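Comments concern the structure below.
The values are calculated or read from the model by the stated rules, or taken from the named source; none is laboratory data. Model, not experiment: these values are computed from the prediction. Ideal geometry is used to build each Cβ from the backbone, glycine not excepted, and the neighbour counts take in all protein chains shown.
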Amino acid sequence: MLLSLLRTRRFAPLFWCQLFAAFNDNFVKNALAILLLFHVGGSGGPMLVTLAGALFILPFFLVSALGGELADRYDKALVARRTKLAEIVVAAIAGLGFILASTPLLFVALFLTGVLSALFGPVKYGVLPDHLTREELVSGNALIETATFLAILAGTVGGGVMIAEASPWAIAATTLLVSAAAYACATLIPPTGERAPDLAIERNVFKSTFRLLGELKRQPRAWIASVAVSWFWAVGAVTLALIPPLVKDVVGGQESVVTLFLVLFTVGIAAGSLVAARLSGRRILLALTPVAGVLIGLAALDLSLATFGASAADPRLGWFAFLETPANWRIMADLVLFAAAGGLFVVPAFAFLQAEAGEERRARVVAANNVLNSAFIVAASLAVLGLQAAGLTTPAILAVLGVANLAAAVLLGRTLPGSLLRDAVHLLFGLLFRVEVRGMENLEKAGPKAVIAVNHTSLLDAPMVMSLLTDDPVFAIDSGIATRWWVRPLLKMVRAFPMDPTKPLATRALINLVKEGNRLVIFPEGRITVTGSLMKIYDGSALIADKAEAPVIPVRIEGLDRSPASYLTSRQIRRRLFPKVVVTILPPVMLEVDKNLVGRKRRRAAGAALTDVMAKTALDTTPTDRTLTDAVVAAARAEGFGRLAVEDALGTKLSYRKLLAGAAALGAKLDAQTTSSEAVGVLLPNAAGVAVTLLALSRSGRVPAMLNYSAGPKNLVSACAAAQVKLVLTSRAFIEKGRLQKEEAALGEVARLVYLEDVRSTIGALDRLKGLLASGKAPAGDPGAPAAVLFTSGSEGTPKGVVLTHRNLLSNVAQVAASIDFGPADTVFNVLPVFHAFGLTGGLLLPLVSGVRTYLYPSPLHYRIVPEMVYASNATVLFGTDTFLAGYARTAHPYDFRSLRFVVAGAEAVKPETRKVWGEKFGLRILEGYGVTECSPVVAVNTPMFNRAGTVGRLLPGIEHRLETVQGVTEGGRLHVRGPNVMAGYLRAENPGVLEPPAGGWHDTGDIVAIDADGFVAIKGRAKRFAKIAGEMVSLGAVEDVARALWPEATHAAVTAPDARKGERVVLFTTQGGADRRALQAAVREAGLPDLAAPAEIRALGKLPLLGSGKTDYVAVKALAAEPAEDAA
């Protein structure tokens, strides 16, 4: 923001106008000072220099009030143009004075220059808040101060050099040209309008001056800030006046040494101003002012000690000879520190003064400040004249100045408005943790009555939030923590409200505080996280916002969980002493709670609503606008490139460094065989190689098309056609072990097969070195570009290509991470093939971008081996389908799954018996979820915090939904969803390469669902999985549930077949031998289903047709239903 202002029309013309104007002021003033001190002043030279300085300042006392009234009454840009035009005339007078060597004429020009500067002062500082936001004021002031002191530097050096080297005519020409440049810039300042058009200009300058000072005095906050600014100018004026005699009489230097000192002083001021802007960021930090005052005092005292008793060199030293003496470096260091502290001192104080002044009288406040400045400067100049007349040496005066600054720093620290302690904490956090704050403007949107809800990551969270807020909110703090010795001093810095979250009276008191218009800062989790994710939200926190009818301002702190103040262990997260911290403040939201609810139901509903807000906050603050490679590289940087990322059943172990280096090396080889954005087929098993391949294609801008090797040759060829795949990456070993020769032959007819064994043999040592060097940086890429093409299961028809972007996949990862507490301490055991959306996102991408180790196993059907591998790998997370989980439960030892924290199931409904055996045998509950490939895939999931049997959980944060009424369905409707995870579109074999985006971003899932009052989603069945019998809708899934309850050991599939009389009839395929239709009819009636739901026909099979994902292959089953019964048996 600092330098970007220089590129804006609203600021740049003022900057350059001030630069040229200040140059001219100091060019004339310093040229005159050098002339008086070294050429015409004689022994009275130092006093004449001081007198010239006072003469320049005097107009600020006399006409600043008039300048403020003019700037408020008229357009400030117009006033600027008029004053700069007058400066051209004054420059001509000064030029004439130099040509004639007339000291009286130069004094007149200097006085008139002061008059015009006094008139321009309220304009230049009053126009800043007109064109800049409050957050930009510190930066704007820092740049104006920098321009001023750069101009002082250039004018000072130029004036000194030209007096010594140039002709009077050249000096006169310089003043005229620079004045003309200032006028040209003034014509470009954007208009501000008349802020006080009815203001009557007071012609009596003395009366207006004292009136403005009186008005300023009646504003205590502005007055003390103005006093601070005036002190700075007084100290600066005294110091600049003391530099020439210090050089001449103490150091024994020539004019060039005076110029050197002035250069150092000016550079120090500019540097200090920029440092003030850098430290302040988007906030005015008044704590910098007293701290800088102490530094000024110490620097002045040390400068006095360094020069005390020194004898002037004879002959006088030039600037180079002065630099050759090491003892003089201390003098220069003191001078630079003194000046830099001055810049640090004045910028926040003046920015605060501008922000405090009302828009309609801002210029007059600045003018009053200028009057006070001039009064301080004149008084200080007179004081120095008195001390000089009394015989005090320059070092002695510097000592007096140092002591005075220390006293002033103490007084300002006690009287400056705001909380200096809070500002000091803000400054400390900024320096140590490089705090980045996003969304500060959202605090103002909420108004005074609001609940600021913050995630709780460490012991430093409360001080961090306190340091960011400029007002004085109430902090709700756990009464147990409030009694700890190290917390009690912090409570004195804020309005703390110790509370016991289990006591209703405490909640009621906080509700009343918020109703009265107070802001409340609360940590809804009630404790510091020990998982790294969002923990339980206390309902009382939400009830405060609900009952007080106050908006919630969600705040997320990121980074402090890595600090020593966190409760997380080094196993859970990579620790740092001072990690970078990002604080994001989101727009205020009102909790959506049903107004008809009362009592505990309302309390629970409010808690759920706040939980949703905090989960959405976690999602919204997670970077998803990047590529997959960028996300993996970011995870590697966060958790360490040496951290284990991928492991497989072959014993391959890849750290992030090896994974990314391998991907870079492989990608470079594949680049030569493919083109950018080309879809490349991937026919590989769950092994480390598939992770390397996916990242290799991703970093090269290619799109992996994940081919389902269990789909059969026909579907594979169809998939390649839809995605226009011309090259397929596979492995000879995989083809052989998987017995995929038919699929290999079919693919070979439509695409070129590239075997990774062959590519690997071409990767040499140099390629590996290049890959290693490239591993730490992700190439630029488009987050909205396709990241993968997956294919629908084909359970109900020809597979379609689903194009998922980088943003889609990373959004879904972020949505899941915001709902379930995965972390680097976890290990994911992934048996689901990565051609399946669940296996790709949940089993591979989620771990990789979260710093979680993932173990890839090639087949979910190894029911005896998988439990042993889970046991051996100490996995904590297992993804699966009901079919696979039931298989593992039958063969596993009760202790095999001892390390598991989460068992997440999807792709098909979890049967009650599967849930029961996992609970009884392993002590684990299955978290059932719901997803579709088109949604990357997860749409809803049960979590440890929100879990309800018979449902697939609540919708993930960031997902909108609507239910479309389906004729004949009385409960629920057809689910349509929209969100950042919804696909870019379909690819179809009949229209190859043509993307079909979802209309309006809404995807029709084709599922009939019901959503209860708490947001839990219950799947009623596929829309295509309903039969219309005699005009009534019958759920085929419900029929299967009845059959499953009757014959739990068997598997069942219900499909429809044409019926001449009723339109359709239900045919049940089952592995239950001797299935009795009458028993099933009775079970249907007992389940409350209509008689029409009873299957008209039952056919027994030895095994139902299955897809590679474990789902029932309904296309094959429906084909069986079309065959005569005797052939189907």
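Could you check segment 130-144 and list, in sequence order, the residues that are modelled with pLDDT of 75 or more, surrounded by fewer than 24 Cβ atoms within 10 Å (Cβ to Cβ) and not β-branched (Val, Ile, Thr)?
Selection gives Asp130, His131, Leu132, Glu136.
Of everything in segment 658-710, what is hydroxyl-bearing (Ser, Thr, Tyr) and closer than 14 Å to Val759 by Cα? Give them in sequence order.
Residues satisfying the conditions are Thr674, Thr693.
Of all the residues that make up segment 949-970, how many are crowded, with 16+ Cβ neighbours inside 10 Å and at pLDDT 90 or above?
Count: 10.
With respect to Thr622, is the statement that it is over 30 Å from Tyr871 (Cα atoms) and in contact with a helix residue (DSSP H, G or I) (Cβ under 7 Å, 6 or more places away or on another chain) true?
yes
Taking the criterion of being buried (at least 16 other Cβ atoms within 10 Å of the Cβ), modelled with pLDDT of 85 or more, in a strand (DSSP E or B) and of a type in the set (A, V, I, L, M), would at least one residue in segment 1024-1032 satisfy it?
Checked against the condition, which is being buried (at least 16 other Cβ atoms within 10 Å of the Cβ), modelled with pLDDT of 85 or more, in a strand (DSSP E or B) and of a type in the set (A, V, I, L, M), segment 1024-1032 yields no hits at all.
Among the listed residues Gly158, Gly193, identify the single one that is at pLDDT 80 or above and of a type outside the set (Lys, Arg).
Gly193
Among Ala142, Ala182, Ala173, which is the only one that is part of a helix (DSSP H, G or I), touching a Phe, Trp or Tyr at 6+ places or on another chain (Cβ under 6 Å), in contact (Cβ under 8 Å) with a residue 12 or more places away in the chain and not hydroxyl-bearing (Ser, Thr, Tyr)?
Going through Ala142, Ala182, Ala173 in turn, the sole match is Ala182.
Any idea which of (1) at pLDDT 75 or above; (2) surrounded by fewer than 24 Cβ atoms within 10 Å (Cβ to Cβ); (3) of a type in the set (Phe, Trp, Tyr) is the one Phe27 doesn't satisfy?
Checking Phe27 against (1) at pLDDT 75 or above; (2) surrounded by fewer than 24 Cβ atoms within 10 Å (Cβ to Cβ); (3) of a type in the set (Phe, Trp, Tyr), the one that fails is (2).
Could you please find all residues in segment 1047-1077 being outside any strand (DSSP E or B), of a type outside the set (Lys, Arg) and over 21 Å from Pro1105 (Cα atoms)?
Ala1060, Asp1076
Say whether the condition of being modelled with pLDDT under 85, surrounded by 14 or more Cβ atoms within 10 Å (Cβ to Cβ), more than 23 Å from Thr611 (Cβ to Cβ) and under 29 Å from the mean Cα position of the chain (by Cα) is met by at least one residue in segment 525-545.
no
Please go through segment 991-1005 and give me each residue that is in a strand (DSSP E or B) and either crowded, with 19+ Cβ neighbours inside 10 Å or of a type in the set (Gly, Ala, Ser) (or both), ordered by number.
Residues satisfying the conditions are Gly993, His1003, Thr1005.
What residue, of Ser304, Ser374, is of a type in the set (S, T, N, Q), crowded, with 19+ Cβ neighbours inside 10 Å, part of a helix (DSSP H, G or I) and modelled with pLDDT of 85 or more?
Testing whether each residue is of a type in the set (S, T, N, Q), crowded, with 19+ Cβ neighbours inside 10 Å, part of a helix (DSSP H, G or I) and modelled with pLDDT of 85 or more leaves just Ser304.
Name every residue in segment 546-577 that is surrounded by fewer than 24 Cβ atoms within 10 Å (Cβ to Cβ), in a loop (DSSP other than H, G, I, E, B) and either aliphatic (A, V, I, L, M) or touching a His at 6+ places or on another chain (Cβ under 6 Å) (or both), in order of residue number.
Ala565, Leu568, Ile573, Leu577
Go through (1) at pLDDT 90 or above; (2) out of contact with any Pro (no Cβ under 9 Å at 6 or more places or on another chain); (3) of a type in the set (A, V, I, L, M) and name the single condition Leu810 misses.
For Leu810, the failing item is (2).
For Ala271, indicate whether it is assigned by TED's automatic domain parsing to the domain that holds Gly402 and crowded, with 21+ Cβ neighbours inside 10 Å.
Judged against the criteria, Ala271 is not a match.
Quick one: is Ile163 buried (at least 18 other Cβ atoms within 10 Å of the Cβ), in a loop (DSSP other than H, G, I, E, B) and either free of Cβ contacts under 8 Å to residues at least 24 places away in the same chain or not polar (S, T, N, Q) (or both)?
So Ile163 does not fit the description; no.
Which one of these is surrounded by fewer than 19 Cβ atoms within 10 Å (Cβ to Cβ) and not in a loop (DSSP other than H, G, I, E, B): Lys595, Lys616, Lys580?
Only one candidate qualifies: Lys616.
Looking at (1) part of a strand (DSSP E or B); (2) farther than 22 Å from Cys935 by Cα, find the lone condition where Ala1043 falls short.
All conditions are met except number (1).
Against the condition surrounded by 14 or more Cβ atoms within 10 Å (Cβ to Cβ), more than 34 Å from the chain's Cα centre (by Cα) and at pLDDT 90 or above, how does Leu772 come out, does it pass?
No, not satisfied.
May I ask you to verify whether Val366 is buried (at least 24 other Cβ atoms within 10 Å of the Cβ), within 40 Å of the chain's Cα centre (by Cα), part of a helix (DSSP H, G or I) and assigned by TED's automatic domain parsing to the domain that holds Glu215?
In short, yes.
Select from segment 904-925 the residues that are part of a helix (DSSP H, G or I) and not small (Gly, Ala, Ser) and list them in ascending order.
Correct list: Pro912, Glu913, Thr914, Arg915, Lys916, Val917, Trp918, Glu920, Lys921, Phe922.
I'm trying to understand the selection: among the residues of segment 976-990, which are in contact (Cβ under 8 Å) with a residue 40 or more places away in the chain and not in a loop (DSSP other than H, G, I, E, B)?
Val977, Gly985, Tyr986, Leu987, Arg988
Tally up the residues in segment 329-360 that are of a type in the set (Asp, Glu) and either in contact with a Leu (Cβ under 8 Å, 6 or more places away or on another chain) or not assigned by TED's automatic domain parsing to the domain that holds Leu305 (or both), please.
Qualifying residue count for the region: 1.
So, in segment 1104-1127, how many residues would count as being among the polar types (S, T, N, Q) and modelled with pLDDT of 75 or more?
Going through segment 1104-1127 one residue at a time, the tally reaches 1.
Output the number of the condition that Gly391 fails; it satisfies all remaining conditions of (1) part of a helix (DSSP H, G or I); (2) free of Cβ contacts under 8 Å to residues at least 40 places away in the same chain.
Status for Gly391: all satisfied but (1).
Just for segment 843-896: of the residues that are farther than 24 Å from Leu660 by Cβ, buried (at least 18 other Cβ atoms within 10 Å of the Cβ) and charged (D, E, K, R), which one is modelled with the lowest pLDDT?
Step by step, filter segment 843-896, then rank; the result is Asp882.
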